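Chemist: Here you go, one structure.
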Amino acid sequence: MSDYKVIVYGNGLQAVFAACKAASQITSGKVLLVVPDTTGKLGGIVTVGGQNYWDQEGTARADFQQKGSFYYTFSDYLFDKNGNKVSDYAGKGYSTDTLAQKFATMVGKRTNIEVMYRTDICDFATTGSPYRITSVTLKGIERNSSGYIVWKNETGVVKTGDIFVDASEEGRLARMANTSVTVGRYDWPWSENGKQLLDGADSTGRQQAATLMFKIKGVVPPAAPPSGTDRIVDANGAEWDYFYRSQDASGSTYRSDGKCCESAGGRVGLVNPNGPIKTFNDSHSGRYAFKGYNMARDGYDSDEWWINTLMIFHVDGRANERDVGTKFYPNNVVGGCWNVDKSWAEANNLLNNTTERTAITECIRSLGPQFTNAELVIRNGKVVTGEVLYLRETVHMSDVSTDRAHGTEDTNYHITMTASKGAGQHENDKGTDFAYKPTAVGVIRYGTDMHPYKLEDMKVNGNYVWGTEYTRASSADARNPVYVPYNALTTRYVANLLLPGYAANMCSYAWAKARVAPNLAVLGDAAGVAAGYCAEYNASSSTKKWPYNLSSADITTLRTRLKGQDVRLDKKSYSNS
């Protein structure tokens with residue numbers, strides 16, 4: 001008998017929700033959640049990473065179109081600093097510490113979940129007939145004085161499991177356990193509509209630029225909008241979102257203390273040919289750049305904001321300093337790329353360099369009159385930054401290992417470019433994703449949010465742009481919801497592995513839509529229910545159900561269970577309003 005029925009690896013929304021859903025499906029035994037960061041908090045990018053602005057598409061922001069765990073987590077989080085509930089309305093910004101605490105409470109309520117914090121996988125074992133993972137070896141990790149995460153000096157502990165879920169950003173199990181991953185945009189065609197898309201580095205595959213979130217203060221938002229609206233656009237084209245204390249038929253009631261603005265975003269400053277942002281972007285050898293910003297207040301009554309604007313290019317999200325010299329360190333890192341630890345440490349050094357800090361402050365203040373007196377938040381002499389990088393892309397599971405090649409985005413993945421781009425808008429709209437509907441275990445929705453792969457992608461005639469100009473013009477129209485077929489969570493090469501993390505079985509183009517928080521939550525819910533379903537069945541049967549080859553009847557059962565937990569599997573109420 002294994003130590004655990006399900007072992008989930010990761011710390012983002014998808015990992016937390018997968019663990020909770022798996023635990024809900026088993027009547028005995030336990031789920032192990034392995035958390036590979038050093039903070040002792042749950043949530044990953046959306047908490048300790050500082051990315052406290054979730055991306056949603058379509059109708060009113062409180063609609064939570066994906067439903068499921070995402071809805072139940074975010075629909076009632078608005079509390080003041082004393083723990084008093086402010087509103088049932090949930091906007092796009094939140095306190096990262098409050099959310100981390102909520103995750104801890106959520107997981108803690110499940111007595112059959114065990115969490116191993118500050119832990120990573122240093123080895124694993126497999127068996128055959130069918131090929132599957134049987135155990136992982138775990139060791140503690142810590143951040144050293146240089147900012148790198150290293151192994152603790154301890155002996156690894158072996159944990160056995162029946163079903164494994166790789167819900168990580170790195171895709172650690174997915175890329176190591178005899179699977180079929182591709183890196184970054186490797187699957188793109190070499191050219192499109194006469195434009196060259198790839199370059200020599202794509203023999204491995206470039207990955208989208210990462211971001212280090214940091215905190216600012218001293219922002220003075222515009223006055224609250226008229227009653228009944230929740231967004232205004234300022235003179236520079238930046239969008240400012242507001243939450244309200246209550247709403248009824250007569251309209252909205254806003255806070256009176258000036259803190260009703262929760263989030264903002266825009267591309268201000270990028271197009272100024274003589275401004276500080278252009279100067280900054282031009283002066284860092286293609287490694288760092290300011291992008292079109294988005295930011296959110298760190299809790300509704302805070303004066304501090306997390307801002308997403310400092311991009312780091314040439315980061316290999318698969319590579320960790322602690323793995324150098326081991327099988328886990330990729331042997332095909334593109335020349336000039338940094339691993340995750342070096343990228344995080346060097347970006348922090350940049351922010352804490354006196355000269356660079358002045359230049360970065362000037363860039364922030366150039367974003368508009370609301371930022372005239374903005375400052376970096378400094379504690380203990382250092383700028384407050386996210387504890388983890390906001391990675392946007394690492395690896396993607398393909399269907400057939402021997403078919404991996406450029407130009408296979410429509411032939412070798414379970415969510416293709418064409419399905420993502422031409423998906424139908426409504427339930428009966430037979431778009432290019434319609435074939436996925438019978439086995440759909442969720443619906444994802446967002447625009448195809450590709451960030452640049454290198455600094456040159458952002459330049460047009462020497463000036464900086466922000467939008468589809470820097471990647472693929474074809475991404476502009478890919479905004480409709482997409483059915484997620486069950487097999488997008490699996491690989492044919494490892495029977496008991498589910499993939500709701502960055503290594504999901506979809507092409508790079510489709511991933512650019514799926515990667516935002518609400519959609520990752522959808523993947524986590526589905527993988528968790530599937531993991532628990534298989535583990536529970538296998539505990540009492542001599543015949544086994546493995547995630548990689550569930551029958552149509554099994555998938556129908558999964559869909560029924562997901563519906564029972566209010567996971568949306570249809571497009572009946574979607575619109576483009």
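Chemist: What ranking do 420-431, 122-133 get when scored by the average of other Cβ atoms within 10 Å per residue, highest first?
Modeler: 420-431, 122-133
Chemist: Right, next: Need the list of lysines near Lys459 for cross-linking: C-alpha distance under 19 angstrom, and skip anything on the same chain fewer than eight residues off.
Modeler: Excluding near neighbours in sequence, the set is Lys195, Lys278, Lys291.
Chemist: Tell me, what is the percent relative contact order of the chain, built from C-alpha pairs under 8 Å that lie six or more residues apart?
Modeler: Working: 1400 pairs, mean separation 124.9, N = 577.
That works out to 22 percent.
Chemist: Rg(Cα) of the chain divided by 2.2 N^0.38 Å?
Modeler: On the way: Rg = 22.7 Å, N = 577, 2.2 N^0.38 = 24.6 Å.
The value comes to 0.92.
Chemist: Arrange the residues Trp240, Trp546 by how much accessible surface each exposes, largest first, with a 1.4 angstrom probe. Walk me through the numbers before you get to the answer.
Modeler: Values: Trp240 0, Trp546 35 Å².
Highest to lowest solvent-accessible surface, that is Trp546, Trp240.
Chemist: Please give the solvent-accessible surface of Tyr329 in Å², to the nearest 10, using a probe radius of 1.4 Å with every protein chain present.
Modeler: Per-residue accessible area (Tyr329): approximately 60 Å².
Chemist: May I ask you to derive the FRET efficiency for Thr354 and Ser145 from their Cβ-Cβ distance with R0 = 30 Å, giving the value to the nearest 0.05? Can you show the working numbers first?
Modeler: On the way: r = 20 Å, r/R0 = 0.67.
Efficiency computed from Cβ-Cβ geometry: 0.90.
Chemist: Same structure again: Taking N as the number of residues in the stretch 275-340, what value does Rg over Cα atoms divided by 2.2 N^0.38 Å take? Before the final figure, lay out each step's value.
Modeler: Numbers: Rg = 16.6 Å, N = 66, 2.2 N^0.38 = 10.8 Å.
The reported ratio for this selection is 1.53.
Chemist: How would you classify the stretch 383-449 from its alpha-carbon gyration tensor, with a ≥ b ≥ c the square roots of the eigenvalues: rounded for a/c under 1.5, else prolate if a/b is greater than b/c, otherwise oblate? Mind showing how you got there, number by number?
Modeler: Values: a/c = 2.54, a/b = 1.36, b/c = 1.87.
Here the stretch 383-449 falls in the oblate category.
Chemist: Right, here's the next one. Angle between the Cα long axis of helix 340-351 and the longest principal axis of the chain, 0 to 90 degrees, nearest 10?
Modeler: Taking the Cα atoms of the chain, the angle to 340-351 is about 10 degrees.
Chemist: In the neighborhood of Asp37, defined by Cβ-to-Cβ distances under 13 Å, what is the net charge if each Lys or Arg adds +1 and each Asp or Glu adds -1?
Modeler: Numbers: positive: Lys41, Arg118, Arg143, Arg172, Arg322; negative: Asp120, Glu142, Glu169, Glu170, Asp341, Glu387.
Cβ neighbours under 13 Å give a net charge of -1.
Chemist: Can you give the log10 of the normalised intensity I(q)/I(0) at q = 0.11, 0.14, 0.24 Å⁻¹, computed with Debye over equal Cα scatterers of the stretch 113-208?
Modeler: -0.52, -0.74, -1.24
Chemist: Sticking with this structure for a sec: Quick check: with the 1.4 Å probe, what order do Tyr446, Tyr72, Tyr242 take by accessible area, largest first?
Modeler: Details: Tyr446 35, Tyr72 130, Tyr242 0 Å².
Descending accessible area places them as Tyr72, Tyr446, Tyr242.
Chemist: Next question. Ignoring any ligand, DNA or RNA, what whole percent of the accessible area of the stretch 97-149 comes from carbon and sulfur when the probe is 1.4 angstrom?
Modeler: Values: 1110 of 2530 Å².
Roughly 44 percent, rounded to a whole number.
Chemist: List the pair-distance distribution P(r) of the stretch 18-59, using every Cα-Cα distance, as the percent of pairs falling in each 10 Å bin from 0 up to the bin containing the longest distance, rounded to whole percents.
Modeler: Answer for the stretch 18-59: a P(r) of 22, 33, 33, 12, 0 percent.
Chemist: If the cut-off is 25 Å between C-alpha atoms, which lysines fall inside it for Lys159, apart from same-chain ones fewer than 8 positions away?
Modeler: Lys5, Lys21, Lys30, Lys41, Lys109, Lys139, Lys327, Lys544, Lys545
Chemist: For all pairs of alpha-carbon atoms in the stretch 410-544, what percent lies in each bin of width 5 Å, listed from the first bin to the last filled one?
Modeler: Reading the bins upward from 0: 2, 10, 18, 19, 17, 12, 9, 6, 3, 2, 1, 0, 0, 0.
Chemist: Return the carbon/sulfur percentage of the accessible area of the stretch 259-301, one whole number, probe 1.4 Å, all protein chains in place.
Modeler: Numbers: 620 of 1330 Å².
Roughly 46 percent, rounded to a whole number.
Chemist: Below 18 Å, Cα to Cα, which aspartates and glutamates can Lys563 reach? Residues fewer than 8 away in the same chain don't count.
Modeler: The qualifying aspartates and glutamates are Asp63, Glu427, Asp525, Asp554.
Chemist: Averaged per residue, what accessible area in Å² does the chain show with a 1.4 Å probe, protein chains only? Provide the component values of the computation, followed by the final result.
Modeler: On the way: 20820 Å² over 577 residues.
Result: 36 Å² per residue.
Chemist: Something else: Could you work out how far the C-alpha centroid of the stretch 1-53 sits from that of the stretch 109-178, in angstrom?
Modeler: Their Cα centres are 12 Å away from one another.
Chemist: Taking a probe of 1.4 angstrom, what is the accessible area of Ser2 in Å², to the nearest 10?
Modeler: 40
Chemist: Alpha carbon centre of the stretch 429-470 versus the stretch 507-565: separation in Å?
Modeler: If you average the Cα positions of each part, the centres end up 25 Å apart.
The values are calculated or read from the model by the stated rules, or taken from the named source; none is laboratory data. Computed from a predicted structure; not experimentally measured. Backbone-built Cβ (ideal geometry, glycine too); neighbour counts: all protein chains shown. For accessibility, only protein heavy atoms count, side chains too; no ligands or nucleic acids. Shrake-Rupley method; radii C 1.70, N 1.55, O 1.52, S 1.80 Å.
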